[in-house]
1. Being within 13 Å of DNA strand B (Cβ to nearest atom), buried (at least 19 other Cβ atoms within 10 Å of the Cβ) and not assigned by TED's automatic domain parsing to the domain that holds A:Glu317 narrows it down to one of A:Val243, A:Val225, A:Val212, A:Val233, so name that one.
2. Is there a residue being within 16 Å of DNA strand B (Cβ to nearest atom) and among the basic types (Lys, Arg) anywhere in region A:183-190?
3. Scan region A:496-511 and give yes if some residue there is at pLDDT 95 or above, in contact with a Phe, Trp or Tyr (Cβ under 8 Å, 6 or more places away or on another chain), within 27 Å of A:Leu412 (Cβ to Cβ) and part of a helix (DSSP H, G or I), otherwise no.
4. For region A:361-383, give me each residue that is more than 12 Å from A:Ala413 (Cβ to Cβ) and of a type in the set (D, E, K, R).
5. Quick one: is A:Arg279 outside the structural domain of A:Arg183 (by TED's automatic domain parsing), basic (Lys, Arg) and within 28 Å of the chain's Cα centre (by Cα)?
6. Checking the conditions here, which among A:Thr293, A:Thr298, A:Thr263, A:Thr257 is surrounded by 15 or more Cβ atoms within 10 Å (Cβ to Cβ) and either over 29 Å from A:Glu44 (Cβ atoms) or aromatic (Phe, Trp, Tyr) (or both)?
7. Is it the case that region A:102-117 has a residue that's among the hydrophobic types (A, V, I, L, M, F, W, C), more than 24 Å from A:Asn269 (Cβ to Cβ) and under 32 Å from the mean Cα position of the chain (by Cα)?
8. Scanning region A:147-183 for residues that are of a type in the set (A, V, I, L, M, F, W, C) and closer than 26 Å to A:Trp553 by Cα, which turns out surrounded by the fewest Cβ atoms within 10 Å (Cβ to Cβ)?
Amino acid sequence: MKNTDAINKKDIIHLLEEIAIYLELKGENPFKISAYRKAAQALETDTRALSEIDDWSSIKGIGKGTQGVITEYLTNGESETLTLLKQEVPEGLIPLLDIQGLGGKKLAKLYQELKIENIADLQAACETHKVADLKGFGKKSEEKILAGLLNLNAQPERLPFDAVRGVRQNIETALGSMDGVKRFSIAGSMRRMRETVKDLDFIIATEQPEVVKEQLLELAGVKEVIASGDTKVSVVIEDKYDVSVDFRMVENKAFATTLHHFTGSKDHNVMMRQLAKARGEKISEYGVENVETGEVVTFDSEKAFFQHFDLHEIPPEVREAKGEIETYKKTHPLVTLEDIKGDLHMHTTWSDGAQSIEEMARFASDKGYEYIAITDHSKFLRVANGLNEIRLREQREEIERVRKRFPELTILAGVEMDILPDGTLDFDDDFLQELDYVIGAIHSSFSQTEAEIMTRLFNAMENPYVKHIAHPTGRLIGKRDGYKVNMEQLIQKAKETHTILELNANPKRFDLNSEWINVCQEQGVKITINTDAHSKETLEFMKEGVGVARRGWLTKESIVNTWSLEELQAYWKKKQE
DNA sequence: GCCGTTTTCGGCCCGACTGTTTTCAGTCG
């Protein structure tokens with residue numbers, strides 16, 4: 001039972017999804033299952049807070065039944081529907097849904113006919129060939145289930161974005177010079193900038209699929225070929241992890257609709273198809289069919305595809321069935337890489353970076369930036385060769401020399417200052433006012449309580465010289481969760497103190513994530529997208545950072561490093577007021 | 001279970017693929 005005061009919207013969404021999973025295992029009517037999922041989706045899409053919703057069934061997708069479940073949960077802190085389901089369906093079946101080829105119906109059958117309730121039962125039943133004898137199953141099913149059981153814990157189900165970045169780049173390079181390839185694109189969740197991905201999807205336009213197929217099977221690192229048909233090649237590429245890669249080969253005229261189809265998300269596609277259906281049309285990867293005449297139209301680009309439905313082009317990053325179809329009836333221009341005018345967080349050889357100040361300045365200038373901030377670590381961070389007051393003053397002299405060589409670029413002399421475990425800052429105010437740009441950051445004592453962490457962050461934000469908080473949660477995707485930040489409090493404090501929050505563009509971090517920056521934008525809290533570059537190459541993370549910002553629906557007005565230096569300086573003044 | 005310029009029943013997104021079947025159900029993206 002849950003304390004009813006502590007129930008939030010996510011809890012309700014989770015409850016509805018959990019009920020759907022149990023119904024699936026019961027082999028219930030698929031439409032009933034999807035009704036629960038749709039209700040969860042409807043809540044996800046509704047932007048109101050829990051307290052602002054009183055008439056649940058006025059939300060499209062929530063009716064009498066799901067409203068009952070929700071209000072009961074809000075009143076009692078538990079749901080009888082779920083409790084009963086849990087009595088009927090063993091909990092041990094749930095992880096078995098992750099086995100390839102096993103869905104709710106087959107599992108329901110295994111449970112009912114063979115009394116299989118968990119991994120061990122299933123393994124035993126396969127080994128004694130009871131599964132193969134079951135109607136609807138066979139020898140191959142049994143082998144696949146056994147193989148699936150082995151893979152169940154072999155590697156994480158979803159890989160961090162950063163872990164597959166290299167594989168993606170290698171494939172794109174190879175496709176770029178491949179015979180018979182007219183055009184190609186990444187698709188799937190990688191294109192939508194999700195921070196973890198299950199596999200990589202590529203769409204290839206070609207009139208010679210057999211020629212392309214041969215070359216795909218020869219790609220470097222191919223460890224296993226899963227499927228190799230006329231339209232689909234599916235391989236496993238060996239890297240740090242084993243990465244599944246799907247290639248879809250289509251005629252050029254179907255490229256746009258296929259790309260849209262395999263970019264997803266699944267929920268977005270469902271909504272697009274519903275829209276089409278209401279107009280007497282049918283969307284598939286091969287085009288849009290007029291149901292009455294059977295005529296199929298294709299498109300040169302996704303933009304044209306969306307225009308066909310009287311929509312502006314919906315960027316891949318927001319195709320999550322979270323209101324994008326409604327929003328893009330009008331336009332909603334998201335930030336682009338071209339909007340970025342500078343990078344306010346980077347390191348040099350003075351602390352733990354790989355490049356000199358001059359080199360970083362040259363790369364930034366080549367990118368057309370108007371300003372950068374040199375922000376090496378502060379003295380507390382010994383492991384990173386952090387700078388004390390004396391070395392920071394020396395560094396400023398060096399920066400002044402470099403400035404003369406790059407008159408087109410404003411180079412701010414800054415620091416990424418540690419917020420110490422006791423909540424004090426690494427420098428006193430007298431020294432901080434000498435600097436052009438001060439970032440506050442936590443790099444130590446990650447395991448403190450939420451109260452201790454918040455005290456540290458608040459101290460930094462209340463300081464008039466701290467312009468922004470770097471990587472606010474300290475997480476490393478797939479590796480560590482970060483420290484205990486109360487995000488609502490952090491955002492509220494940022495609003496009060498005019499402190500900017502960072503979207504750290506390093507793909508290992510993406511910190512803040514797309515969901516929280518979206519909340520920031522709604523609250524009027526400003527974001528800065530920075531690479532935290534430690535080398536020339538990592539300055540390029542700006543592209544990924546902008547992708548995450550787009551996933552959070554950010555427009556350039558919310559992102560301070562799309563502003564001119566004058567606008568930025570005007571905003572900084574608000575802190576001192 | 002939800003919904004209705006097709007409104008209280010009958011439909012609910014689409015197609016490929018697989019393995020099981022003799023025409024299709026289940027799973028997946």
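The values are calculated or read from the model by the stated rules, or taken from the named source; none is laboratory data. No experiment lies behind these values; they were computed from the predicted model shown. Counting neighbours? That spans all protein chains shown, and the Cβs are built from the backbone with ideal geometry, glycine included.
1. Step by step, each of A:Val243, A:Val225, A:Val212, A:Val233 is checked, and only A:Val233 is within 13 Å of DNA strand B (Cβ to nearest atom), buried (at least 19 other Cβ atoms within 10 Å of the Cβ) and not assigned by TED's automatic domain parsing to the domain that holds A:Glu317.
2. As a first pass, look at region A:183-190 and keep what is within 16 Å of DNA strand B (Cβ to nearest atom): A:185-190.
Those left that are additionally among the basic types (Lys, Arg): none.
No - not one qualifying residue is present in region A:183-190.
3. no
4. A:Arg362, A:Asp366, A:Lys367, A:Glu370, A:Lys379, A:Arg382
5. Against the criterion (outside the structural domain of A:Arg183 (by TED's automatic domain parsing), basic (Lys, Arg) and within 28 Å of the chain's Cα centre (by Cα)), A:Arg279 does not qualify.
6. A:Thr298
7. Checked against the condition, which is being among the hydrophobic types (A, V, I, L, M, F, W, C), more than 24 Å from A:Asn269 (Cβ to Cβ) and under 32 Å from the mean Cα position of the chain (by Cα), region A:102-117 yields at least one hit.
8. So, considering only residues that are of a type in the set (A, V, I, L, M, F, W, C) and closer than 26 Å to A:Trp553 by Cα, the one surrounded by the fewest Cβ atoms within 10 Å (Cβ to Cβ) is A:Ala163.
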